[in-house]
Amino acid sequence: MGDALNQDLSRRARFSLSQLAFAASLTLWAGTSHALGLGRLNVQSALGETLRAESEITSLSADEANSLRVRLASPDVYRSNGLDYNAVLSGTQVQAVKRADGRTVLRLVSDRAVQEPFVDVVLDISWATGRLPREYT
C-alpha cells in the first residue's frame, strides 16, 4: 500500500508542476489587454450526470459583451500543456448567458455523463480587444 501511495503522490506532484508551467504560459498568452474577469467554476452536477457548470463573469463592459466569444480549447492545447483531454469535452457546449438578475455567466453543458471525479476544462475566451485562456479543474 505504501508504494501505491508514493506513486500517487509522485504523479500528483508531476501534475502540479505541469499545471504551474501551464498557468505561467497562460499568463504570457493572455497579455495585458484583458479587462474581463471570471469567478470560480461552480459545478451543479454530480458524478455520473451530464456536466452542468457556471462561472460568473465578474467584469464585462458592453463593448466586450458584444464581441465576446467563448469556446473550449482544442485537444492539441491540452496535450501540449500536459493535460488530459476528457472525451466528455468533445460534446460540451459553452456559452455566455445573461441571467434574469442581470449577471452574465459562462455556462458549460455536456451531452454525456462525466464518469471521472476531476476533469480539466480549458476555455479560450476572446473579445474585440483581448483574449484570455482560463483553466478550471
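Just so you know, in segment 50-65 the residues that are touching a strand residue (DSSP E or B) at 6+ places or on another chain (Cβ under 9 Å) and in a helix (DSSP H, G or I) include one that is farthest from Asn86 (Cα to Cα), and it is Asp63.
Filtering segment 43-90 to residues that are open to solvent by 40 Å² or more (accessible area, probe 1.4 Å), at pLDDT below 85 and in contact with a Gly (Cβ under 9 Å, 6 or more places away or on another chain) leaves Thr58, Ser59, Leu60. Only residues that are open to solvent by 40 Å² or more (accessible area, probe 1.4 Å), under 24 Å from Leu47 (Cβ atoms) and in contact (Cβ under 8 Å) with a residue 24 or more places away in the chain were counted in segment 91-107, giving 2. Restricting the first member to segment 70-88 and to residues that are touching a residue at least 60 places away in the same chain (Cβ under 8 Å), and the second to residues that are among the acidic types (Asp, Glu), the beta-carbon pairs closer than 7 Å and six or more apart or on different chains are Ala73/Asp124; Leu83/Asp120. State the number of residues belonging to segment 108-124 that are over 10 Å from the mean Cα position of the chain (by Cα) and crowded, with 17+ Cβ neighbours inside 10 Å. Within segment 108-124, residues that are over 10 Å from the mean Cα position of the chain (by Cα) and crowded, with 17+ Cβ neighbours inside 10 Å number 2. Of the residues examined, Leu41 is one that is outside any loop (DSSP other than H, G, I, E, B), touching a residue at least 60 places away in the same chain (Cβ under 8 Å) and not polar (S, T, N, Q).
The values are calculated or read from the model by the stated rules, or taken from the named source; none is laboratory data. Since we're looking at a predicted model, the values are computed, not measured. Glycine gets a Cβ as well: all are built from the backbone with ideal geometry, and neighbour counts include every protein chain shown. Heads up: the accessible areas ignore ligands, DNA and RNA and are worked out on the full protein's heavy atoms, side chains in. Shrake-Rupley method; radii C 1.70, N 1.55, O 1.52, S 1.80 Å.
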